[in-house]
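Remarks on the structure that follows.
The values are calculated or read from the model by the stated rules, or taken from the named source; none is laboratory data. Just so it is clear, the model here is predicted, and its values are computed rather than measured. Positions of Cβ are generated from backbone atoms using ideal geometry, with glycine treated the same way; all protein chains shown enter the neighbour counts. The protein model used for the area step is the full one, side chains on, heavy atoms only, and it has no ligands, DNA or RNA in it. Shrake-Rupley method; radii C 1.70, N 1.55, O 1.52, S 1.80 Å.
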Amino acid sequence: MRLGAPVSAWFCGLCLIWAGAAFFGLPGAQALGIEARAVAAGEVWRLGTYALVHGAWWHLVANGVGIWMTGRWLERQVGSRTVAAVGLLGIAGGALGFLVTLALDPRLGPGMRCVGASGALSALLGFVTGHWPREQLRVYLFGLPLAVQGIWLGGLLVLLMALEATLWPQGTAYGAHLGAWGVGLLLGAIIDNR
């Protein structure tokens, strides 16, 4: 799959386009996030398009930087097709994870909305954990470089998701992060193109 630029760059570009649309008040951006009632009413496109819109500029920047850094590195390791598949399936897993937590967690209201590309990022990080569980990886946590085994990276991410679920259940879509990460972990474990 030759796109001329990394998949991560294309995806970040799409997010920027929609962020600009929302910033300038162009119609359509509000109809992209996941809302359980809207999905139940037949607006199933929201299960994928939620990844293109973000709640704030810092949200877009955080996800964009994470996808750019992780995606570019991962594309050099396993190729663009694999990264595109992991990202897209991660977005689907994130949507499913979000809807499951809405149904199971009484602290979340039915009007809660899910937006952001962190499902794609979570899937990429899950893939790294599943694909290289015993290898020493260099990662950046809050801008600080760390060297950790893939399995410990996965443990750290699960810990962060548990903190989200405990401390900020209504402020983060922790179910989307967990669902997407699980999809990435599974794909990383079963895809063998080392």
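Here Leu153 meets the list (1) of a type in the set (A, V, I, L, M, F, W, C); (2) open to solvent by less than 30 Å² (accessible area, probe 1.4 Å); (3) under 25 Å from Ile34 (Cβ atoms) almost entirely, failing just condition (3).
Consider Ala176 carefully, then state whether it is hydrophobic (A, V, I, L, M, F, W, C) and either in a loop (DSSP other than H, G, I, E, B) or crowded, with 17+ Cβ neighbours inside 10 Å (or both).
Details: hydrophobic (A, V, I, L, M, F, W, C): yes; either in a loop (DSSP other than H, G, I, E, B) or crowded, with 17+ Cβ neighbours inside 10 Å (or both): yes.
When the stated conditions are applied, Ala176 passes them.
Do the conditions hold for Val65, that is, is it surrounded by 17 or more Cβ atoms within 10 Å (Cβ to Cβ) and of a type outside the set (Ser, Thr, Tyr)? Break it down into steps so the answer makes sense when it comes.
Numbers: surrounded by 17 or more Cβ atoms within 10 Å (Cβ to Cβ): no; of a type outside the set (Ser, Thr, Tyr): yes.
When the stated conditions are applied, Val65 does not pass them.
Residue check: Thr129 meets all listed conditions (1) surrounded by fewer than 20 Cβ atoms within 10 Å (Cβ to Cβ); (2) over 28 Å from Val39 (Cβ atoms) but one, namely (1). For segment 139-148, the set of residues classified as farther than 21 Å from Trp58 by Cβ and either modelled with pLDDT of 90 or more or surrounded by fewer than 12 Cβ atoms within 10 Å (Cβ to Cβ) (or both) consists of Pro145, Ala147, listed by residue number. Of all the residues that make up segment 78-88, how many are within 12 Å of the chain's Cα centre (by Cα) and buried (at least 24 other Cβ atoms within 10 Å of the Cβ)? Number of matching residues: 2. Of the residues making up segment 1-50, those that are at pLDDT 70 or above, under 19 Å from Val83 (Cα atoms), open to solvent by 20 Å² or more (accessible area, probe 1.4 Å) and not hydrophobic (A, V, I, L, M, F, W, C) are Pro6, Gly13, Gly48, Thr49.
Restricting to segment 89-108, name every residue that is touching a residue at least 40 places away in the same chain (Cβ under 8 Å) and either open to solvent by 30 Å² or more (accessible area, probe 1.4 Å) or touching a Lys or Arg at 6+ places or on another chain (Cβ under 6 Å) (or both).
Of the residues in segment 89-108, the ones touching a residue at least 40 places away in the same chain (Cβ under 8 Å) are 89-102, 105, 107-108.
Those that are touching a residue at least 40 places away in the same chain (Cβ under 8 Å) and either open to solvent by 30 Å² or more (accessible area, probe 1.4 Å) or touching a Lys or Arg at 6+ places or on another chain (Cβ under 6 Å) (or both): Leu89, Ala92, Leu96, Leu99, Val100, Arg107.
Residues in segment 110-119 that are open to solvent by 10 Å² or more (accessible area, probe 1.4 Å) and assigned to a helix (DSSP H, G or I): Ser118 only.
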